[in-house]
Amino acid sequence: MILLDGKVASAAVKESIKQETDVLLANGKRAPHLAAILVGNNGASETYVASKVKNCEEVGFQSSLIRFDSDVDEETLLNQIIQLNNDTSVDGILVQLPLPKHISEAKVIETISPNKDVDGFHPINAGKLVQGLPSFIPATPYGIMLMLEHYNIQTKGKHAVVIGRSNIVGRPMSILLSSNLPYGNCTVTLCHSHTPNLNELCLQGDIVVAALGRPGFVKAEMVKEGAVIIDVGITRVTDETAKKGFRIKGDVAFDEVAAKAAAITPVPGGVGLMTIAGLLKNTLQAYKASIGV
Ligand code: NAD
């Protein structure tokens, strides 16, 4: 069984980004710049944004963190995004989701310039992805593709089962795996909360991507011997014995599934780290387009 280690794979991606950035800086170019917006003080969001900022520093990018209280009005937030759209020193903009209920996520996403949409959530980038045109790929599915590439997991002609159809993970993942790409060309089954025979379908998957947010959902009896298992789930499960009072759990019952799998990602230490690698790749791509290299 191969452990698809996000630490190892993301370190390799980050090293190549850093080398490219170092050359650009040595040639007198400015650093790539990611601006992150955080609304409120949700614990998980704080952690994600802090990690993104730290990772920017590690590869030589500039980053800005713009914070708003949870009661910020929608117009103020949209105006901030417009300001960043117009700021030529900013290459990538991300607004950490989820947002408070009174703010429309759709409006926020559509306000970000598609050229700076390094999360790849804008409908223009989503549409381009569907048509196989160059675009910003949502960071988590992008990170998973980078993971498959790093470990040279063969996908062509395989049956991939994706569980979850969100715009940020499951749906774009299903598109990438079915696309004519080096680590695509799968036949994809996309399962969701209304899929009646999910266990049977999952059992047919050569590759299973679990992205539903239900800890331990994928059990050993649902996967076939030798399958490749990608666990996207991140759920904080209360645990009094843990230092922080919770543990991070994936969507896969790791121990029992690992015993049958050919390869599997751990949680934590798997897809989450690759998501950041995907985000950094997108930011570098936005920067290169912006400065014309
Ligand atoms: P979401 O809530 O937007 O979507 C969940 C999807 O799962 C829905 O399409 C729903 O139809 C499906 N689903 C729910 N229950 C189901 C069931 N019982 N059977 C079949 N399908 C079911 O969630 P999301 O934003 O796509 O995130 C999914 C999980 O991935 C969450 O745990 C989230 O925290 C995690 N996540 C991790 C990363 C990362 O970097 N590792 C990034 C994004 C999301």
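The values are calculated or read from the model by the stated rules, or taken from the named source; none is laboratory data. Because the structure is a prediction, the values reported are computed rather than measured. A quick note on method: Cβ atoms are made from the backbone with ideal geometry, for glycine too, and the neighbour counts reach across all protein chains shown. Just so you know, the surface numbers come from the protein's heavy atoms only, side chains and all, with ligands and any DNA or RNA stripped out. Shrake-Rupley method; radii C 1.70, N 1.55, O 1.52, S 1.80 Å.
Assorted remarks:
- Top-ranked residue in the range 196-207 [being within 12 Å of the ligand (Cβ to nearest atom) and in contact (Cβ under 8 Å) with a residue 24 or more places away in the chain; ranked as most open to solvent (accessible area, probe 1.4 Å)]: Leu201
- Just one of the listed residues (Arg247, Arg214, Arg236) is outside any helix (DSSP H, G or I), within 16 Å of the ligand (Cβ to nearest atom) and free of Cβ contacts under 8 Å to residues at least 12 places away in the same chain, and it is Arg247.
- Note on the range 39-57: residues that are more than 16 Å from the chain's Cα centre (by Cα), surrounded by 15 or more Cβ atoms within 10 Å (Cβ to Cβ) and at pLDDT 95 or above amount to 2.
- Applying the set (1) of a type outside the set (Phe, Trp, Tyr); (2) open to solvent by 50 Å² or more (accessible area, probe 1.4 Å); (3) at pLDDT 95 or above to Ile109 leaves exactly one unmet item: (2).
- For Asp91, the conditions (1) more than 27 Å from Ile230 (Cα to Cα); (2) open to solvent by 10 Å² or more (accessible area, probe 1.4 Å); (3) in contact with a strand residue (DSSP E or B) (Cβ under 9 Å, 6 or more places away or on another chain); (4) of a type in the set (D, E, K, R) are fulfilled apart from (2).
- Residues of the range 1-38 that are surrounded by fewer than 17 Cβ atoms within 10 Å (Cβ to Cβ) and of a type in the set (Val, Ile, Thr): Ile2, Val8, Val23.
- Qualifying residues in the range 144-158 (those that are within 15 Å of the ligand (Cβ to nearest atom) and under 14 Å from Ile175 (Cα atoms)) - the one surrounded by the fewest Cβ atoms within 10 Å (Cβ to Cβ): Met145
- Residue selected from the range 264-287 under the condition open to solvent by 60 Å² or more (accessible area, probe 1.4 Å) and outside any loop (DSSP other than H, G, I, E, B), by the criterion nearest to Ala210 (Cα to Cα): Leu273
- Count of residues meeting criterion [surrounded by fewer than 21 Cβ atoms within 10 Å (Cβ to Cβ) and touching a Cys at 6+ places or on another chain (Cβ under 6 Å)] in the range 159-177: 0
- From the options Ala253, Ala259, Ala220, residue that is open to solvent by 40 Å² or more (accessible area, probe 1.4 Å), more than 10 Å from the ligand (Cβ to nearest atom) and of a type in the set (A, V, I, L, M, F, W, C): Ala259
- Considering only residues in the range 178-195 that are of a type in the set (A, V, I, L, M) and crowded, with 20+ Cβ neighbours inside 10 Å, the one that is farthest from the ligand (Cβ to nearest atom) turns out to be Val188.
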